[in-house]
Amino acid sequence: MNAIKVILRSRTPCAVGNRLYATTKKKISDPDEEESLPIFQYPVSKSSDRRMYVWGLAETGALGLHMPRGKKSRKQYRNNFSMCWHPMRSSFAERFDVTHVAAGYGFTVTSIKTSEQQKVFGTGINTDSQIGYHAPRIGHPLELLLSPSPIFLPYKSLETRIIGLSAGRAHTAVLTDNEGVFTLGNNAYGQCGRKIHNNEEYRGSMATHNIKKLGVEKIVNVCCGQDHTLFVTEGGKVYACGWGADGQTGLGTYENQAIPAMVKGDITSEKIVKVASTGDCVLALNEHGELFGWGNSEYGQVPMATTQQQVNMSYALVSFTKGLGKIIDVAAGGSFCLIVNEAGDAFVWGYGLLGLGPNVQHSRTPKQIPAPLFGRNEFNPTSMVQKVACGIGHLAAITNSGDLYMWGRNRQGCLGLGHTKDQYFPLKVSIGAHVLDVACSVDHSVATCKPFI
């Protein structure tokens, strides 16, 4: 931490009425005398410092917090222990330099900047070893971690850096700078990118799979859906593996895929820079800001000329988003999609609490969420949305001023608004820091932030 030094000069009290006020006794002119005075240091954060805030369901351990317990016979027990309705500052980020965070279904994975073996930590549900193997402990449930614990990954070099994390329902993907992707957890559908063993036991498993490259290209991005995984290579190609019943692997079939294969359809000739998936629908964004989609489309998430509800290969959605301008970020939830263009306007479609009020819960075309709901007005005309994220039933947007807005289904207080009522339009979340990124899951959310000072 940097510090601002303040020299405390001698003061003497001065009585005014019934109060005492300090007044300067004398001016210090002797440099030696000034050097001998005490110095109070105000801590100032570095530009690389990060804070982590968590909220939502705490009972699974996904928040990594030790909540105060009340008596089970009282309502206080439920409120104090099982849920965290307001963003709470995690002490984990105070002890380590956090770089990336991912929110799975009831668990959280965090990477830190270090040259030691323990680079990734996990907390929460661990029924399928999605946060690694952890030895049984007396008095602690084997399938639940209530505080962050290190995940062992077989790096070849301790200088390896973690550059990306993603988590699904019961599996995790860890992206490194020079050793590819490490996957762990449930592989019943091939979502870890390795051969499926029908009788494999995932509870207490030490299995970790390493995918070094795809084809001849380095992997630069990874995204976990519910039970499938997507990989983006440095050449902009997209590979997929896992559950394909809704076409979410984009391979032209509805079969499960164990070994990552290249997604078919309109993106094969494009350079993709980002993919997004939380449930069974997938959105992809190319370098020109054009949108592509595939997977589950029961509520029109991937609009087609026909009434096809499961789209098993990628389709360009250029005509669908015509007139919206260049798209800079995308997010796909359980039954809805959210995008933002370079003008900072957010658009939503699908089914759910879309942020358009209580009377609009379904839209087959992108509808703009009014910009004033994100703080843009005549007094703040430059406010714009820069990043978006989706959980299964809730949505989030981050503005250029570091403000976080959330709306949708408020399961277990996952919106961080201080209550558990559903939210029909974006509302600013009270966080005492500049929000940089947010990860949303089923019933909890995690934000990485930069201190104000």
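The values are calculated or read from the model by the stated rules, or taken from the named source; none is laboratory data. Predicted, not measured: the structure shown is a model, and the values here were computed from it. Using ideal geometry, Cβ is built from the backbone for each residue, glycine included, and neighbour counts are taken over all protein chains shown. When the accessible area is computed, the model is the full protein with side chains, heavy atoms only, and any ligands, DNA or RNA have been set aside. Shrake-Rupley method; radii C 1.70, N 1.55, O 1.52, S 1.80 Å.
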(request) Being open to solvent by 50 Å² or more (accessible area, probe 1.4 Å) and among the hydrophobic types (A, V, I, L, M, F, W, C) narrows it down to one of 165, 153, 158, so name that one. (result) 158
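Considering only residues that are polar (S, T, N, Q) and outside any loop (DSSP other than H, G, I, E, B), which ones fall in the range 440-453?
Of the range 440-453, the ones polar (S, T, N, Q) are 441, 445, 448.
Within the range 440-453, 445, 448 qualify.
Please verify whether the range 227-236 includes one or more residues that are touching an Asp or Glu at 6+ places or on another chain (Cβ under 6 Å), touching a residue at least 24 places away in the same chain (Cβ under 8 Å) and under 21 Å from residue 351 (Cβ atoms). Talk me through it step by step, then tell me what you get.
Of all residues in the range 227-236, those touching an Asp or Glu at 6+ places or on another chain (Cβ under 6 Å) come to 233-235.
Adding the requirement that they be touching a residue at least 24 places away in the same chain (Cβ under 8 Å) leaves 235.
Then drop every residue that is not under 21 Å from residue 351 (Cβ atoms), which leaves none.
Among the residues of the range 227-236, not one is touching an Asp or Glu at 6+ places or on another chain (Cβ under 6 Å), touching a residue at least 24 places away in the same chain (Cβ under 8 Å) and under 21 Å from residue 351 (Cβ atoms), which makes the answer no.
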(message) Out of everything in the range 115-130 that is over 18 Å from residue 57 (Cα atoms) and modelled with pLDDT of 95 or more, what residue ends up being most open to solvent (accessible area, probe 1.4 Å)?
(response) 128
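For residues that are charged (D, E, K, R) and open to solvent by 80 Å² or more (accessible area, probe 1.4 Å), scanning just the range 357-384, find the one that is nearest to residue 401 (Cα to Cα).
Per the stated criteria, the residue is 378.
Listed here are the residues, each with its yes/no results for (1) among the aliphatic types (A, V, I, L, M); (2) modelled with pLDDT under 95; (3) assigned to a strand (DSSP E or B); (4) within 19 Å of residue 206 (Cα to Cα).
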position	(1), (2), (3), (4)
150	no, no, yes, yes
163	yes, no, yes, no
172	no, no, yes, yes
175	yes, no, yes, yes
182	no, no, yes, yes
(request) Filter the range 396-426 for residues that are open to solvent by 10 Å² or more (accessible area, probe 1.4 Å) and without any contact (Cβ under 8 Å) to a residue 24 or more places away in the chain and give the result. (result) 421
